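The values are calculated or read from the model by the stated rules, or taken from the named source; none is laboratory data. Treat the numbers as computed from the prediction; the structure is a model and nothing was measured. Note that each Cβ is placed from the backbone with ideal geometry, even for glycine, and that neighbours are counted across all protein chains shown. Just so you know, the surface numbers come from the protein's heavy atoms only, side chains and all, with ligands and any DNA or RNA stripped out. Shrake-Rupley method; radii C 1.70, N 1.55, O 1.52, S 1.80 Å.
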Amino acid sequence: MPRPASTPGQIALAAFIAIFLLAFLVVPVATVIHVAFTEKGTGSFTLINFADFLRTELFIRSFWNSVYVASMAVVLASAFALPLAALTTRFVFPGAALIQTLGFLPLIMPPFVGAVAMQLLFGRNGSINLLLDDGLGFKIPFMEGLNGVIFVQAVHYFPFILINLSAALRNIDRAMEEAAQNLGSSGFRLFRRIVFPLAMPGYLAGASLVFVKVFDDLATPLLLNVKDMLAPQAYLRVTSIGIADPMGYVISVVLIVVSVGAMWLSALAMKDRDYATVQRGGGGLARRKLRPGESALAYGVVLLILFLVLAPHVGLLLLSFATIWSFAPLPDAYTTAHYARVLGESSIYIKNTLIYAALAGTIDVVFGVAIAYLVLRTRLVGRHVLDWAAMAALAIPGLVLGIGYLRSYYAVQLPDGTPLATFWIMIVVALAIRRLPYALRACYAALQQISIALEEAAENLGATRSRTLRRIVMPLMTGGIVAGFVTSFSTAAVELSATLMLVQSNADAPLAYGLYVFMQSAAGRGPGAALGVIAVALVAICTLASHVLIERSQRSKGAAS
Amino acid sequence: MIIRRTLVITLATLALSSTVALSQAPSGKVTVVTSFAKDVTDPIKKAFEKATPGVTLDVQNRNTNAGVKFLEETRANNQVDLFWASAPDAFEVLKGKKLLQAYKVKAVGIPEKVGAYPINDRDGFYFGFAASGYGIMWNERYARANRLPDPREWQDLTKPVFHDHVSIAAPSRSGTTHLTIEAILQGEGWEKGWRVVKEMAGNFRQITERSFGVPEAVNSGQVGVGIVIDFFAFSAQASGFPVKFVYPSVTTIVPANIGIVASAPNRAGAEAFVEFLLSPTGQEVLLEPSIRRLPVNPAVYAKAPADYPNPFTDARLGSLLPFDAELSETRTAVVDTLFDQLISFQLDALKAATKSIQDVEAALAKKDNAAARKLIADARDLIAAMPIDAAGAAAAETRGAFTGAKEKGARQAEFEQQWASFARERYAQAKQKADEAAKLAR
Amino acid sequence: MTPAGITIRGVNLSYGTNHVLKDVSLDISPGEFFAFLGPSGCGKTTLLRLIAGFNQADSGEIRIGGKDISALPPWQRDVGMVFQSYALWPHMTVRRNVAFGLEERRLPRAEIDRRVAAALDLVGLAALAERRPSQLSGGQQQRVAVARTVAIEPKLLLLDEPLSNLDAKLRVQVRRELRELQQRLRLTTIFVTHDQEEANTICDRIAVLNAGIVQQVGTPIDLYERPANLFVASFLGTANILDGRVGGEGAARVFEIAGGVRLPIPADRQIAPGAKLMFRPQDASLIAGGPDRITLDGEVAHREFLGASVRYGIRIGTAEIALETPFHAGDALREIGRPVTVSLSARTSQFLSP
């Protein structure tokens, strides 16, 4: 229930957010993609480029391929996430916490080297297929064509569904389930008719995020040499030199429209399903013990899924210790030389990565909380525009944003003459803008779960809106805030596309950049993998630390829910 | 609480690191944007800094296209001194946009051409400092497992045994690959050249969008054979990968270049680096095993090991064919787009048609059939057909569609769609004919 | 559906070191409207959930209709439970909610529709069948919850504090409706509550629980007139309690209260050691006189005019007792602070241990 009139404070906050988004998202992107709307040669406004888009068979084919791949990736990611989420939230399952943490790792996959590792394990001549071919005489085309993209993307992004679905499952009032059991329902029927529908908002939040990310992702298809999808087509054309091709920007516009459209559709679907804490307490679903037969099956399923989704990291680890790994199930021999080579140089990369990612994560949760609050708790005109604008950042390729920043801000100079665009803080802003959607969704979900009565009680006792926000709302949102921070942080730590355009010197470079440089030569594969392992370990440790912190704070707040 | 603590820590770190960041910019720093890997830039950087005390080289690594874009966007307040990459087409683009500045090199001993290719830009905006040859690289283990013969010539790659085992980088993404394709076109002529290229392409497993993608796939054994620059193969061998390499008898020699960026902040330092690269000391660094490039100073080869390829004396290395650099420049965009639209984006259709043809030819080798043979010849012609001839490719209007010229003519998208449909129809027809021939050949 | 009786024998349940139910044994007759009554934490809800199958007892057995159900999971017990929060599924309409149990039993569609319509009619919500729970008031939600359970015609009906979320006026109305429903369906019903008025007004028998132990089982009048101990006495109705000692012997026994007042004890009365004197407010009188009556001197501390009666709080020594007298038009009321004499009789008092 939103409140009456908007306070000047709220208006000021909204204005500040709007300016930030304008300056660092809308304007830079506009400077890049306006080409899509101009006529070649004269520069006048035209929509003819879009007509060309619709007339070009390659683009239409790419469009439908992208839709197909994104949809199937959601399906496959759900297949991975559902069993894990259900098992860890509905049963007494030792290692549930470990699974939830491990299930998060696929999100942290360093660019380039992750794909190499995947190819070495699942490729046409990767470990699994070589063994299958030798032993049983056939191969499984994990990584071929569109199916390969679906597989890799599902493995990479399924944590979005896992995290959101688990959170939603945990928040269901136990009485809902017990009432159904009391009336005769149990097992899978119970899950299908009662539990899953009630968890639908969480599932939809994760699924829509996966759809949009996969639709807009250009790195994976390119590395698998799949070019007939929209995002890689955009990239190839935007980065071509020597020709003035507007189609890359036309495709970028299409990407943005589709992504915003997908998020709007999912918001529509969730509108009437506001199943938030109308219930008191709840205490989450009762956890059932597993019978030995069920237990064996459950462990089997979990191990299979974990194997599939953690395989890239296993491959990465092997690669980092490998001397030569070529057309063989396993490396020829192992060595620690790569780590030795990398550890010397990587301290500056590590420092930069930590700073950039932490700052980006902090910016994201601050804006995430602010936008969520404005949308859910005020009646401000146009507040939904802020939400959509922030979410649209998902669809912007990092490359486009990087070019946009250069175009908009290179002329602006800092006092010592260095251009603003290459000042390292712009890298932080680029990282923050592109990750804001994750933090925003997490904060939004967290705020939705808080009954407004809690805030009203505080105001009744004399607290102003801002004090209530600080002392009541934000502490209660801690779970969502930390989840948003962790997602932003860990994906920012391995981001490369915008970084590549904006990094000016090695002193400013993060780990992903150092990794990229290594991966340009044959001898650099091992050290690149070592750097990748360090990046993943770093992020995993930080993630674990924040989970521990939030557990401790929840416990100190007393038996929460 | 947690939020506050995090904020305090991050603010503190911010304050600390900004002092570090601001303490940059010592004198004598030369900034270079390059697409070369660390293995190449590190030894050269070390040698340069040793030879020129007081000057440090700051290497910014970007792929060629990103580097060009970066220079374009930052021209208002350029902070980069040098652009250092392989492909001349990137330099041509920069030169065209007035992002390079001319310089008269003082170093001596560098001839005008290496092989058939001019070493330096005739207007003095960029300079070749090393050369490399294109050739064929293959993975021994893969070859053994798939029973592939060792390839020797480009023509070998058109043979049915190599179907679905070959990889190449897209010419539109790799300037050096582009030169190789252009050399074939110039050597064989437009029509015949494209025929050969398409016959090879029918055997492609993948077309990568960056040069290094090809050797990387061959190294891992994901692909059997790759069309690569020699140093990729040599550095892979030096790292221990089970790969072999051969120069075909018709090889392109492609140069690697360096140019000084317009309004360079440290012009003196930039010039010093160019001079160093072209000096005997600098040229010798190229012989190191991790670099393995061909110097452009013929005298340096005296210091090279005995079997080191020498483009100035070795007849194998492309010195026979004349290469018209001007012609190449005029039709760069068209050739790239033709390759993309006729081959890269129709690869599945092309491969399917080629496979059908190859199967029929294998059957006909055992039992001949004149009608089938005629159909196959037609099918091959259909595949080889081009939507535009050499004159059209070099024509100003065609070129204008791709370069954002002010004249209103056909748009790039129109050409692309035309060419794509052309190829799609013909490949489908070719497959049809091949399937008919297959029935007859049984 | 023939109603079933419930037999509970020797049930114990502990959560860790917390012994929540201690050796509970009860018999509930078929068709009875039975209450579990007690303060919060006494174990009444735990016992209810045990019968429903959501908790597992450490020892003892529970039989429904003579059949031991301890090993059955909740979905096989065929007992209908109305939850305190109603637990209506927000993503289903009222009709779907009510139909749920029938669908789980795989009944034919026509039968399901018939029973749903009947259940909704029973609670008077037929017109709201297509609404969602969020569009209903608290009272309406509760009725849907009831309809949902009676639709499956269970062996027994379990109601977990069904009136606690309703406002006072609604409570009275709804409890009557629940009673009528139960009578009409002849369903064995267990009603959990902490409110003795609810238990008294609609239940056939009540089990009073405290700290996991069944204190007493009986009809409302039994529990009121013959409480087993002080706890039951104070829980059902107001109880005045005075400390004292037994003195004398045989027929001349007296109960000596502080201040030297001696109350003669009837010869047939058994008094446990440490027992205290308990009497109801309406059994104390401001009018002295009568054999076996004693008088106590006190002072009026409070006075509440209740319309049909007047309730006085009278301080006697250090204790305060409640005294209630009927009021008729024209009666004079005692003033606060004035001395009064209170008379008691042993016949209308009891001697109870805690």
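Observations, loosely collected:
- The residue of segment C:185-209 that is surrounded by the fewest Cβ atoms within 10 Å (Cβ to Cβ), among those that are of a type in the set (A, V, I, L, M) and within 18 Å of residue C:31 (Cβ to Cβ), is C:185.
- Residue that is open to solvent by 30 Å² or more (accessible area, probe 1.4 Å), polar (S, T, N, Q) and in contact (Cβ under 8 Å) with a residue 24 or more places away in the chain, where the choices are C:17, C:7: C:7
Every residue, every condition in (1) under 18 Å from residue B:342 (Cα atoms); (2) under 27 Å from the mean Cα position of the chain (by Cα); (3) at pLDDT 90 or above, yes or no:
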{"residue": "B:364", "(1), (2), (3)": "no, no, no"}
{"residue": "B:369", "(1), (2), (3)": "no, no, no"}
{"residue": "B:382", "(1), (2), (3)": "yes, no, yes"}
{"residue": "B:398", "(1), (2), (3)": "yes, yes, no"}
{"residue": "B:419", "(1), (2), (3)": "yes, yes, yes"}
{"residue": "B:428", "(1), (2), (3)": "yes, no, yes"}
{"residue": "B:433", "(1), (2), (3)": "no, no, yes"}
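- Test: residue A:84 is away from every other protein chain (no Cβ under 12 Å), open to solvent by 50 Å² or more (accessible area, probe 1.4 Å), modelled with pLDDT under 95 and assigned to a helix (DSSP H, G or I): no
- Boolean, residue A:262 is under 27 Å from residue A:52 (Cα atoms), small (Gly, Ala, Ser) and assigned to a loop (DSSP other than H, G, I, E, B): no
- Complete set of residues in segment A:381-410 that are farther than 12 Å from residue A:26 by Cβ, surrounded by 14 or more Cβ atoms within 10 Å (Cβ to Cβ) and more than 26 Å from the chain's Cα centre (by Cα): A:407, A:409, A:410
- Test: residue B:62 is within 20 Å of the chain's Cα centre (by Cα), within 11 Å of chain A (Cβ to nearest Cβ) and not hydrophobic (A, V, I, L, M, F, W, C): yes
- Count of segment C:159-184 residues, restricted to those that are surrounded by 13 or more Cβ atoms within 10 Å (Cβ to Cβ) and either under 16 Å from residue C:82 (Cα atoms) or among the charged types (D, E, K, R) (or both), is 16.
- One residue stands out in segment B:117-139 among those that are more than 17 Å from the chain's Cα centre (by Cα) and in a loop (DSSP other than H, G, I, E, B): the one that is farthest from residue B:284 (Cα to Cα), namely B:123.
- Filter pass, residue B:300 being in the same structural domain as residue B:33 (by TED's automatic domain parsing) and among the aliphatic types (A, V, I, L, M): yes
This table checks each residue for (1) at pLDDT 90 or above; (2) surrounded by 20 or more Cβ atoms within 10 Å (Cβ to Cβ); (3) among the basic types (Lys, Arg).
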{"residue": "A:316", "(1), (2), (3)": "yes, yes, no"}
{"residue": "A:330", "(1), (2), (3)": "yes, no, no"}
{"residue": "A:338", "(1), (2), (3)": "yes, yes, no"}
{"residue": "A:344", "(1), (2), (3)": "no, no, no"}
{"residue": "A:347", "(1), (2), (3)": "no, no, no"}
{"residue": "A:353", "(1), (2), (3)": "yes, yes, no"}
{"residue": "A:359", "(1), (2), (3)": "yes, yes, no"}
{"residue": "A:365", "(1), (2), (3)": "yes, yes, no"}
{"residue": "A:374", "(1), (2), (3)": "yes, yes, no"}
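- Subset of segment C:87-97 (residues that are modelled with pLDDT of 85 or more and either in contact with a Gly (Cβ under 8 Å, 6 or more places away or on another chain) or open to solvent by 20 Å² or more (accessible area, probe 1.4 Å) (or both)): C:93, C:95, C:96
- For residue B:334: the one exception among (1) out of contact with any strand residue (DSSP E or B) (no Cβ under 8 Å at 6 or more places or on another chain); (2) modelled with pLDDT under 90: (2)
- For residue C:217, the stated conditions do not hold, so it cannot be described as under 28 Å from residue C:311 (Cα atoms) and buried (at least 17 other Cβ atoms within 10 Å of the Cβ).
- Test: residue in segment C:140-157 that is open to solvent by less than 70 Å² (accessible area, probe 1.4 Å), without any contact (Cβ under 8 Å) to a residue 40 or more places away in the chain, outside any loop (DSSP other than H, G, I, E, B) and not basic (Lys, Arg): yes
- Wholly within segment A:457-561, helices (runs of 4 or more DSSP H) carrying at least 3 residues that are modelled with pLDDT of 85 or more and surrounded by fewer than 24 Cβ atoms within 10 Å (Cβ to Cβ): A:525-556
- Residue within segment B:211-220 that is acidic (Asp, Glu), open to solvent by less than 10 Å² (accessible area, probe 1.4 Å) and either without any contact (Cβ under 8 Å) to a residue 40 or more places away in the chain or within 27 Å of residue A:519 (Cα to Cα) (or both) present: no
- Check on residue C:179, of a type in the set (D, E, K, R) and assigned by TED's automatic domain parsing to the domain that holds residue C:74: yes
- Taking (1) part of a loop (DSSP other than H, G, I, E, B); (2) in contact with a Phe, Trp or Tyr (Cβ under 9 Å, 6 or more places away or on another chain) in turn, residue B:272 satisfies each apart from (1).
- For residue A:444, the requirement of being buried (at least 19 other Cβ atoms within 10 Å of the Cβ) and away from every other protein chain (no Cβ under 14 Å) is met.
- Selection status of residue C:29, over 22 Å from residue C:219 (Cα atoms), touching a residue at least 40 places away in the same chain (Cβ under 8 Å), in the same structural domain as residue C:210 (by TED's automatic domain parsing) and of a type in the set (S, T, N, Q): no
- Some residue of segment C:327-343 being of a type in the set (S, T, N, Q), in the same structural domain as residue C:267 (by TED's automatic domain parsing) and under 15 Å from residue C:294 (Cα atoms): yes
- Single unsatisfied condition, residue C:278 versus (1) modelled with pLDDT under 85; (2) within 19 Å of residue C:245 (Cβ to Cβ): (1)
- Hits in segment B:75-110 - residues which are touching a strand residue (DSSP E or B) at 6+ places or on another chain (Cβ under 7 Å), at the interface with chain A (Cβ under 10 Å from one of its Cβ atoms) and not in a helix (DSSP H, G or I): B:78, B:79, B:80
- Residue within segment C:36-59 that is open to solvent by less than 20 Å² (accessible area, probe 1.4 Å), more than 17 Å from residue C:232 (Cβ to Cβ), out of contact with any Leu (no Cβ under 7 Å at 6 or more places or on another chain) and part of a strand (DSSP E or B) present: no
- Residue selected from segment B:139-167 under the condition away from chain A (no Cβ under 11 Å) and among the hydrophobic types (A, V, I, L, M, F, W, C), by the criterion most open to solvent (accessible area, probe 1.4 Å): B:161
- Any hit, segment A:99-107, residues being within 24 Å of residue A:493 (Cα to Cα) and either touching a strand residue (DSSP E or B) at 6+ places or on another chain (Cβ under 8 Å) or at the interface with another protein chain (Cβ under 10 Å from one of its Cβ atoms) (or both): no
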